Amino acid sequence: MFDEMYANEGLYYNIDLDKIEGFEDLGPLGRTQRNANHVLVFMIQGMYEDFKFPVGYFPINGTCPKETLAQLIPHVIRQVSGVGAEVVASVSDQGPTNRGAITILRSRCPEGQYENVYRVDDQIIPHLWDIPHVFKSMRNNLLTSDLRDEDGNIAQWKHVIEFYKVDEGICKTSKLTYTHLCPLGKNKMRVDLAAQVPNESVASGMETFNVLSSGKYAAWIPTASTFRVLDRLFDSTNGPGRKDKPKKDRTHVTDGSYHEAHWREMIARMEKWVFIRKGTGERHVPPCLSGFIDNLRTLGRIWQTVKRKGFTELNLRKLNQDPLKNYFGAIRQTCGDGSDPTIPQLVSGMKNVLVQQVSAPGRNSNCVQDDGKFFSDLAELIETASYEPVAHTEEPALLRGADPRENSVRAIKSTKLTRQGPSLTCAKICSKVLALTNKCAVCKTTLTTDDLRFNIADDV
C-alpha cells in the first residue's frame, strides 16, 4: 500500500551523508530541485500474520507525477519480492495521480484491459482502491447528486435531512447529527461519519416512519432501499473488525460464504447505476462508482489467489490503508506540538515509531485501529548498525516526471529559496541573550559551539 503525508518545506544539511536534505528525492530515479512538502510512503501488511512494515519513503513536491509513480510501484514490488515476500495486491486511494499511474501500468499488459491489474515481471498484481475511502467518496457524491439504480429508483440526500428533522422531533431513533448531514472541513474526510448514514439503521428508521404515518413518507423508500444495498455492499467488502458488533453480513470470506455470489450480483447491478447532478440534471459516473466495481472484481481474484495458497478464509480488513494512516498518526505524535513535521523530523519520527514499536492510539483518527505489529527488534538494529564515512558525490538534477534512462541531459528549473525561519529566530534570540548577559560564560558555553557536527536536538 502507498499514500502521501504532508511535511513542511525546508533544506537541511546532513553532515553524515554530506547531503542537502529537503529536495524532492525519487530514489533510484534521482532528485529534482523542487522543495519537498510531502512524503510518499510504501508499506507492506501481512495477509495471514498480523504485521506491518514501511519499506520505503520518497520526499516529493505536492503529489508524485503519474509517470514517476508508475516507475516507483514496480521498483518497490521488486525490492519486496527480492527479500522473499510475495505481493498479493497493491492498495491506494483514488487520487488523480494514483489513478493515472495504475492506468499506465494496466496499459502495459493484456489483462489490464479487462481488470484492475498490472504486471511486474512475470507476476500479475491486482490493485485495490481503498474501500473505506471509496465508500466515503460515494457519500460525497450523494451530497451533490442523486443516485439512480438499475430499476430507476432514485436515492436523494434531501430524504436523509427530512428524516433527521422528523426523527429529532419525535423520539430520536437514529444516531444522526448535523455533522452527518452537512460534513465540512475535516469532517468531510472522516470515513466513520460517511459510513453511518447509508446504513441499515437509517433505512429501517425511514421505513418505520413511513408505515406509522400510513405512507406519508413514501418518497423516502427508494433512498432507504439504496441505503440497505450500500450497507450490505460495505459489509461484504470491508469485513469485521475485532471490536465490531457481530453482524450477519460482516464476515470473513470463506468457501461457503455469500461474498462471491453477492459481488457478481452487485457488479451487474452497479454497472447500470448513474449519478444525476442536482443543479443541471447531468448524468455522470464518478471514479468512486467505477472504482467500486473494479474492487468487486479484484476481491474475487484475490480470494482465488490466496485460496490456492492454502488460505481457508480471507480477512478483508487486511486489504485497506488503515495501517498506513495509523502509522502517519503515530509519526505526528512524535513531533510534539508540530503536527506537520519537516522532512528530517518525519524521517526521525518514522525511525522512532519503527524501532520503539510503542505509540498511543491516535486521537480523532480517520481510520480504525489496526492490529498489525512492526516486525523489528531494537537490539538487532543496534547490533547490525554501522556508520561509514560517505564520500561527496555530485548528481545531475532530474527533470520531474521524466525517466532517467531516457534523459542523459536533464533540464533544471530554478526554485525560489525561502529563509529557514526557526533556525534564524533561534540564532537571533541567542545573540540577544548573550548581549543582555554580557556574554555570561555559562550562557556562552550552552548556546554556542565550535563543533560543526553539534546538534542541539541531541541535548534536548
Practice problem: With a cut-off of at least 3 residues that are at pLDDT 75 or above, name the helices (runs of 4 or more DSSP H) lying wholly within the stretch 309-391. | Solution: 322-333, 343-356
Quiz item: Within the set of pairs 6 or more residues apart or between chains, which connect a residue that is of a type in the set (Val, Ile, Thr) inside the stretch 263-276 to a residue that is loosely packed, with under 15 Cβ neighbours inside 10 Å with Cβ atoms less than 7 Å apart?
Solution: VAL274/ARG283; VAL274/VAL285; ILE276/ARG283
Exercise. Filter the stretch 162-215 down to residues that are modelled with pLDDT under 85 and touching a helix residue (DSSP H, G or I) at 6+ places or on another chain (Cβ under 9 Å) and give me whichever is farthest from ARG250 (Cα to Cα).
Key: ILE170
Quiz item: For the stretch 108-122, does any single residue satisfy the condition of being under 23 Å from PHE275 (Cα atoms) and touching a Leu at 6+ places or on another chain (Cβ under 8 Å)?
Solution: yes
Quiz prompt | Residue within the stretch 113-129 that is acidic (Asp, Glu), surrounded by 16 or more Cβ atoms within 10 Å (Cβ to Cβ) and either assigned to a helix (DSSP H, G or I) or in contact (Cβ under 8 Å) with a residue 12 or more places away in the chain (or both) present | solution = yes
Quiz item: Any idea how many residues of the stretch 279-308 are part of a loop (DSSP other than H, G, I, E, B) and either in contact (Cβ under 8 Å) with a residue 60 or more places away in the chain or out of contact with any strand residue (DSSP E or B) (no Cβ under 8 Å at 6 or more places or on another chain) (or both)?
Solution: 4
Quiz item: Would you pick out the residues in the stretch 202-223 that are closer than 16 Å to ALA155 by Cβ and either in contact (Cβ under 8 Å) with a residue 24 or more places away in the chain or surrounded by fewer than 15 Cβ atoms within 10 Å (Cβ to Cβ) (or both)?
Solution: VAL202, ALA203, GLY205, MET206, TYR217, ALA218, ALA219, TRP220, PRO222, THR223
Practice problem: Return the residue satisfying two criteria in turn: it lies in the stretch 261-273 and is outside any helix (DSSP H, G or I) and in contact with a helix residue (DSSP H, G or I) (Cβ under 8 Å, 6 or more places away or on another chain), and of such residues it is surrounded by the fewest Cβ atoms within 10 Å (Cβ to Cβ). | Solution: GLU271
Exercise. May I ask you to list the residues in the stretch 89-112 that are assigned to a loop (DSSP other than H, G, I, E, B), in contact (Cβ under 8 Å) with a residue 12 or more places away in the chain and touching a Lys or Arg at 6+ places or on another chain (Cβ under 9 Å)?
Key: ALA89, CYS109
Exercise. Assess whether ILE276 counts as being assigned to a strand (DSSP E or B) and either within 21 Å of the chain's Cα centre (by Cα) or of a type outside the set (Phe, Trp, Tyr) (or both).
Key: yes
Quiz prompt | Some residue of the stretch 228-241 being over 19 Å from LEU147 (Cα atoms), surrounded by fewer than 17 Cβ atoms within 10 Å (Cβ to Cβ), in contact (Cβ under 8 Å) with a residue 40 or more places away in the chain and of a type outside the set (Phe, Trp, Tyr) | solution = yes
Quiz item: If only one of ASP16, ASP25 is buried (at least 19 other Cβ atoms within 10 Å of the Cβ) and touching a Lys or Arg at 6+ places or on another chain (Cβ under 9 Å), which one is it?
Solution: ASP25
Quiz item: What do you reckon, is PHE58 in contact with a Gly (Cβ under 9 Å, 6 or more places away or on another chain), at pLDDT 90 or above and either surrounded by 15 or more Cβ atoms within 10 Å (Cβ to Cβ) or outside any loop (DSSP other than H, G, I, E, B) (or both)?
Solution: yes
Self-check item: Yes/no for TYR12 being under 23 Å from ARG317 (Cβ atoms), over 16 Å from the mean Cα position of the chain (by Cα) and touching a residue at least 12 places away in the same chain (Cβ under 8 Å)
Solution: no
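The values are calculated or read from the model by the stated rules, or taken from the named source; none is laboratory data. Every value quoted in this text rests on a predicted model; they were computed, and no experiment measured them. Neighbour counts are summed over all protein chains in view; Cβ atoms, including those assigned to glycine, are modelled from backbone coordinates with ideal geometry.
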